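Below: one structure, written as structure tokens.
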Amino acid sequence: MNIVLLSGGSGTRLWPLSNDVRSKQFLKILKKEDGSRESMAQRMLRMIREVDPEARVVIATSQNQIPQIRAQLGDDIGVSIEPDRKDTFPAIALAAAYLKKQGVQKDEAVVVCPVDPYVNIDYFYGIKELETHIGKTKLVLMGVEPSYPSEKYGYIIPASKDRVSKVKEFKEKPNAVTAEKYIAQGALWNCGVFGFKLSYVLGIAEELLGTSDYDLMFQEYGSYNKISFDYEVVENESSINVLRFKGDWKDLGTWNTLSEAMSDPISGNAVVDNCNNTHVINELGIPLVALGVQNSVIAATPDGILVCEKTLSDKLKSYVSTSRPMYERRQWGEYKVLNYNTHKDGNNSLVKELIITPGKHISYQKHYRRTEMWTFTEGQGLLVIDGITTQIGRGDSVVIPPETLHAIKAVTELHVIEVQLGDELTEDDIDRFDWNWE
């Protein structure tokens with residue numbers, strides 16, 4: 001089975017817990033049976049492997065999510081990298097071209113689904129069943145039997161109430177009254193699951209984009225229209241069936257829905273008393289106390305603090321401004337921005353705490369616009385400065401002037417306070433010379 005997981009979007013409706021590089025699908029907030037926590041993406045991959053251990057899994061995503069994907073999901077899954085943030089049609093076309101480049105045959109079945117729904121194992125048995133119907137029509141969709149008249153989802157109107165039916169028509173996101181009428185007709189939620197033979201989407205890419213070659217598509221990606229797979233392909237296809245899915249399916253896209261899937265109402269350093277239906281997440285190093293708060297979510301992270309009544313959480317996106325992420329997960333570990341200042345002379349200062357995982361290292365790199373000062377507060381590691389390697393540990397410090405090659409490797413978990421000074425402190429001011437420590 002070939003499965004493409006769509007991993008796009010920044011999850012701004014879950015601010016301040018998610019941002020452009022820490023998207024909702026990578027938040028470790030779901031509790032497993034053994035008490036440990038996992039992200040939505042980890043949960044999806046785990047259940048795929050339970051149903052089909054040999055499944056070929058590819059994630060369609062942007063470059064800034066690669067560190068999270070590798071850290072959480074490992075290196076044994078494919079990654080189709082989108083050079084720009086487009087909608088689902090360009091992303092799926094690029095992923096199909098990636099599969100072809102990886103040797104997948106054109107007559108093989110492909111199933112595309114989002115990486116972040118909250119589902120149980122029967123969802124993946126449904127996907128495996130859907131795979132058996134691919135080829136009988138050009139497209140096969142999965143439709144979820146609605147549990148209420150939602151205004152958030154599009155609707156699929158099947159021609160019959162059979163488990164697999166021809167699609168009669170599609171309906172856009174309706175109001176609640178109209179949604180009730182659709183449900184009375186046997187309508188299903190459109191959950192964004194598409195099944196097809198690889199040749200089908202490659203043919204459409206040739207027709208609409210002029211190529212099905214991955215490298216050429218990658219180069220031209222910025223010129224493609226931003227349009228969904230539903231609008232560009234599904235709604236223009238006459239040979240299409242839908243598989244009816246009766247299991248649990250939730251889109252954890254807002255704090256209101258996400259909190260429903262959280263087994264613990266409190267995460268982090270927090271005290272909650274005399275509260276009802278209130279969830280608290282505190283990632284800051286200071287205590288948080290909630291007293292008598294009802295039907296709300298309180299989230300405190302390095303990116304900001306949110307206090308929101310749950311039913312209003314779907315309106316959060318319009319209030320959140322885009323700014324530099326204050327926390328990022330990388331392949332080598334993680335960092336948190338502690339302070340940022342702009343000074344009267346035009347220079348800037350930035351203070352970070354880096355935590356480097358044992359055995360991991362940052363790239364061999366240099367900067368042109370800033371000086372860095374590293375103070376090691378915990379752990380042991382190896383430091384390279386212009387080709388010279390030294391051992392470092394707690395209490396050591398080093399100054400790295402501009403245009404100085406440097407890298408650090410953790411022997412044990414290594415904590416570093418990094419101070420940056422310069423007129424331009426951006427992630428773009430970097431030249432990477434090697435990712436291979438040896």
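Checking each residue in the stretch 184-205 for being part of a helix (DSSP H, G or I) and either farther than 27 Å from VAL115 by Cβ or not assigned by TED's automatic domain parsing to the domain that holds GLN105 (or both) picks out only ALA184.
Checking each residue in the stretch 24-57 for being farther than 16 Å from ILE281 by Cα and assigned to a loop (DSSP other than H, G, I, E, B) picks out LYS32, GLU33, ASP34, GLY35, SER36, ASP52, PRO53, GLU54, ALA55. Go through the residues of the stretch 142-156 one by one and say whether even a single one is touching a strand residue (DSSP E or B) at 6+ places or on another chain (Cβ under 9 Å) and of a type in the set (Asp, Glu). Among the residues of the stretch 142-156, at least one is touching a strand residue (DSSP E or B) at 6+ places or on another chain (Cβ under 9 Å) and of a type in the set (Asp, Glu), which makes the answer yes. Highlighted here would be strands (runs of 3 or more DSSP E) found entirely within the stretch 70-139 that include at least 3 residues which are without any contact (Cβ under 8 Å) to a residue 12 or more places away in the chain and in contact with a Ser or Thr (Cβ under 9 Å, 6 or more places away or on another chain), but there are none.
Results for (1) surrounded by fewer than 18 Cβ atoms within 10 Å (Cβ to Cβ); (2) modelled with pLDDT of 90 or more, shown as yes or no for each residue.
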site: GLU180; (1), (2): yes, no
site: LEU188; (1), (2): no, yes
site: GLY192; (1), (2): no, yes
site: LYS197; (1), (2): no, yes
site: ILE204; (1), (2): no, yes
site: SER212; (1), (2): no, yes
site: PHE218; (1), (2): yes, yes
site: SER223; (1), (2): yes, yes
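For the condition touching a Pro at 6+ places or on another chain (Cβ under 8 Å) and in a loop (DSSP other than H, G, I, E, B), what is the one hit in THR404, THR412? Write out each step before concluding.
Details: THR404 fails: touching a Pro at 6+ places or on another chain (Cβ under 8 Å).
Within the list THR404, THR412, the selection yields THR412.
Does the stretch 39-61 contain any residue that is surrounded by fewer than 22 Cβ atoms within 10 Å (Cβ to Cβ), of a type in the set (A, V, I, L, M) and over 30 Å from ASP107 (Cβ atoms)? No, there is no match, as no residue in the stretch 39-61 is surrounded by fewer than 22 Cβ atoms within 10 Å (Cβ to Cβ), of a type in the set (A, V, I, L, M) and over 30 Å from ASP107 (Cβ atoms).
Filter the stretch 258-288 down to the residues that are loosely packed, with under 12 Cβ neighbours inside 10 Å and either in contact with a helix residue (DSSP H, G or I) (Cβ under 8 Å, 6 or more places away or on another chain) or in a strand (DSSP E or B) (or both) and list them by number. Selection gives ASP273, ASN276.
If we scan the stretch 167-178, do we find a residue that is at pLDDT below 90, in the same structural domain as TYR231 (by TED's automatic domain parsing), of a type in the set (Ser, Thr, Tyr) and outside any strand (DSSP E or B)? The answer is yes; a qualifying residue exists. Here SER62, SER80, SER39 are screened, and the one residue that is in contact with a helix residue (DSSP H, G or I) (Cβ under 8 Å, 6 or more places away or on another chain), modelled with pLDDT under 90 and hydroxyl-bearing (Ser, Thr, Tyr) is SER39.
Working only within the stretch 354-383, note down all residues that are charged (D, E, K, R) and either within 19 Å of ASP428 (Cα to Cα) or in contact with a His (Cβ under 7 Å, 6 or more places away or on another chain) (or both). Reasoning before the result, please.
Of the stretch 354-383, the ones charged (D, E, K, R) are 360, 366, 369-370, 372, 378.
Answer for the stretch 354-383, where residues must be charged (D, E, K, R) and either within 19 Å of ASP428 (Cα to Cα) or in contact with a His (Cβ under 7 Å, 6 or more places away or on another chain) (or both): LYS366, ARG369, ARG370, GLU372, GLU378.
This table checks each residue for (1) in a strand (DSSP E or B); (2) surrounded by fewer than 16 Cβ atoms within 10 Å (Cβ to Cβ); (3) free of Cβ contacts under 8 Å to residues at least 12 places away in the same chain.
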residue	(1), (2), (3)
VAL351	yes, yes, no
GLY359	no, yes, no
PHE376	yes, no, no
VAL384	yes, no, no
GLN391	yes, yes, yes
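The values are calculated or read from the model by the stated rules, or taken from the named source; none is laboratory data. It should be emphasised that the depicted structure is a prediction, and the values quoted were computed from it without experimental measurement. Ideal geometry is used to build each Cβ from the backbone, glycine not excepted, and the neighbour counts take in all protein chains shown.
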